[in-house]
């Protein structure tokens, strides 16, 4: 019986010495990144007035200005503003409809 008591006491001392039964140290919290919304609503098309003939060195073209956004096509822009695709291409001869870059400024002719 003494032997069993000694084994139990020694076992208890070993468990206590090894840290058995102690609660683990919590890890520091890492900051949670802000959620990103991949489905952001696109802003409405922006129209900017043309500069006056005195302000620009290029020949004056009547119409409005439109800044190309991601996913825009020249055909969709012509439909949005009610002008023909040919008129839009003629007003923007330096712009390749197949390779329009985001941020390109297009002249929207009067319908």
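Please arrange 96, 72 by counting, for each residue, the other beta carbons lying within 10 Å of its beta carbon, fewest first.
Values: 96 12, 72 17.
The order, fewest Cβ neighbours first, is 96, 72.
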Which of 73, 32, 104 has the fewest other C-beta atoms within 10 Å, and how do the rest follow up to the most? 32, 73, 104
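Listing 100, 1 from the residue with the fewest other Cβ atoms within 10 Å to the one with the most, what is the order? Mind showing how you got there, number by number?
Values: 100 16, 1 5.
Fewest-to-most Cβ neighbours within 10 Å comes out as 1, 100.
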Expressed in nanometres to one decimal, the distance between label points 7 Å along Cα→Cβ at residue 2 and residue 102 is 8.5
Give, in nm to one decimal, the length gained when the segment between residue 110 and residue 73 is fully stretched (0.36 nm per residue of separation minus the Cα-Cα distance). 11.5 nm
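Coordinate-derived values only; no laboratory data. All values derive from a computational prediction rather than experimental measurement. Virtual Cβ from ideal backbone geometry, glycine too; neighbours counted across all protein chains shown.
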